Amino acid sequence: MEVIRATCAGACYGVERALKLVWQAIGDEQQCASAARPVFTLGPLIHNPQVVAELEDSGVHAVSSLDEIEQGILVIRSHGVPPLLIEQAKSKGLSVIDATCPHVSKLQQAAQDLHEQGYTVLIVGEVGHPEVEGIFAYAGEDALAVRTVDELPDKLPSEQIGVVVQTTKSQTTLAALVEELRRRGLDPLVKNTICLSTKQRQRAAEELAKRVDAMVVIGGKNSSNTTRLYEICRESCPQTFHVESAAELDPLWFIGVSNVGVTAGASTPEEQITAVISKLESYN
Ligand code: SF4
């Protein structure tokens with residue numbers, strides 16, 4: 001069985017940057033003459049359970065609220081947060097390391113600009129996803145978020161609509177929403193804030209899925225961008241499997257398969273990708 005890796009797959013710039021900042025913070029604290037301060041993240045640093053477990057073993061604790069932290073260092077994840085939260089952390093005396101991905105900062109700025117120009121901001125994204133919750137803080141009170149065109153309400157708060165997109169959404173979803181807004185006679189101002197890493201991974205995954213018998217998508221089950229890759233691959237290749245690690249692979253999935261494609265979400269470290277590829281190659 002031939003194993004083909006997508007031309008672009010795995011950890012993106014924003015995730016690598018966030019991990020680098022956290023490991024740097026742990027290293028700096030260990031070198032302190034006084035006792036090392038604990039390091040916290042609000043929610044898992046990245047959507048990859050194996051990496052989060054490794055961080056926890058090294059003293060990086062994922063908590064769900066600022067109330068759970070008494071003192072130490074708070075690392076803001078690549079998804080970003082509402083600015084008020086950073087203020088609250090600082091006023092509690094916490095040191096803050098901002099690992100918000102620059103692409104997310106750009107998206108937050110785009111939402112704020114549209115709001116200040118008088119637009120009602122329509123966020124194409126997953127309600128409840130931390131990145132989208134952060135964008136709401138910049139987008140004004142009448143902002144709304146929808147995942148797909150089906151969720152677009154019949155009546156919008158105004159006719160002047162500005163659109164921004166969660167960095168990991170697909171181009172197809174954005175295009176469908178814009179088309180529907182135009183069908184309703186609106187002329188939305190669209191800021192396409194899907195990040196380049198996402199576009200490259202989705203394009204490479206789609207191209208590969210079209211020419212193989214089976215696809216394996218590696219990444220956290222709670223990772224939005226990995227789930228999107230899985231959906232994109234499944235459209236062209238029904239035999240698509242989503243795994244978090246090599247341990248989940250089942251040789252029975254590949255009976256009669258002559259070539260298998262491999263892609264991975266933006267939070268998937270290189271070791272997990274190579275482990276999956278090696279195991280697939282061992283099925284020959
Ligand atoms: S997927 Fe894009 S926006 Fe999200 S962390 Fe990676 S580079 Fe940044």
Among Cys101, Cys12, Cys237, which comes first, second and so on when ranked by fewest other beta-carbon atoms within 10 Å? Cys237, Cys101, Cys12
Quick one: if you stick a label point 7 Å off each Cα along the C-beta vector at Arg234 and Ser158, how many nm between them? 3.8
Can you classify the stretch 159-233 as rounded, prolate or oblate using the Cα gyration tensor, where a ≥ b ≥ c are the square roots of its eigenvalues, rounded means a/c under 1.5, and otherwise it's prolate if a/b beats b/c and oblate if not? prolate
Say R0 is 30 Å: what FRET efficiency, to the nearest 0.05, do Leu21 and Asn222 get from their beta-carbon distance? 0.90
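Once the other residues with Cβ under 11 Å from the Cβ of Val217 are scored (Lys, Arg +1; Asp, Glu -1), what is the net sum?
Within the 11 Å Cβ shell, the charges total +2.
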Going highest first, how would you order 162-170, 199-207 by mean Cβ packing within 10 Å? 162-170, 199-207
Final fewest-first order of Ser64, Ser267, Ser236 on the 10 Å Cβ neighbour count is Ser64, Ser236, Ser267
If each residue's Cβ is checked for other Cβ atoms within 10 Å, how do Glu180, Glu141, Glu235 rank with the fewest at the top? Glu141, Glu235, Glu180
For the chain: relative contact order, % (alpha-carbon pairs under 8 angstrom, 6 or more apart): 22
Within 11 Å, Cβ to Cβ, of Val60, how many net charges do the neighbouring residues add up to if Lys/Arg are +1 and Asp/Glu are -1? -4
With just the Cα atoms defining each centre, how far is the stretch 144-223 from the stretch 1-73? Give it in Å. 28
If you take the beta carbon distance between Glu179 and Gln50 as r and set R0 to 35 Å, what does 1/(1 + (r/R0)^6) give as a FRET efficiency, to the nearest 0.05? 0.35
Average Cα contact separation per residue, the stretch 154-284, under 8 Å, 6 or more apart, as relative contact order %: 24
Please compute the modelled spin-label separation between Gln200 and Leu252, points set 7 Å along Cα→Cβ, answer in nm with one decimal. 3.9
Under the definition of Cα pairs under 8 Å and six or more residues apart, what whole-number percent is the relative contact order of the stretch 1-116? 26
Semi-axis lengths, Å, the stretch 103-194, gyration tensor of Cα atoms, sqrt of 5 times eigenvalues: 18, 15, 12
Could you give the radius of gyration (one decimal) and Dmax (whole number) of the Cα atoms in the chain, in Å? 20.6, 65
Distance between modelled label sites at Leu186 and Tyr283, nm, 7 Å Cα→Cβ extension: 4.5
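Excluding Gln239 itself, calculate the net charge of residues whose Cβ lies under 14 Å from the Cβ of Gln239, where each Lys or Arg counts +1 and each Asp or Glu counts -1.
Values: positive: Lys210, Arg211, Arg234; negative: Asp213, Glu235, Asp250.
Computed value for this residue: 0.
No value in this document is a laboratory result; all are computed from the given coordinates. Note that the coordinates shown come from a computational prediction; the quantities given were computed from them, not determined experimentally. Quick reminder, even Gly has a Cβ in these numbers, built from the backbone with ideal geometry, and neighbours come from all protein chains shown.
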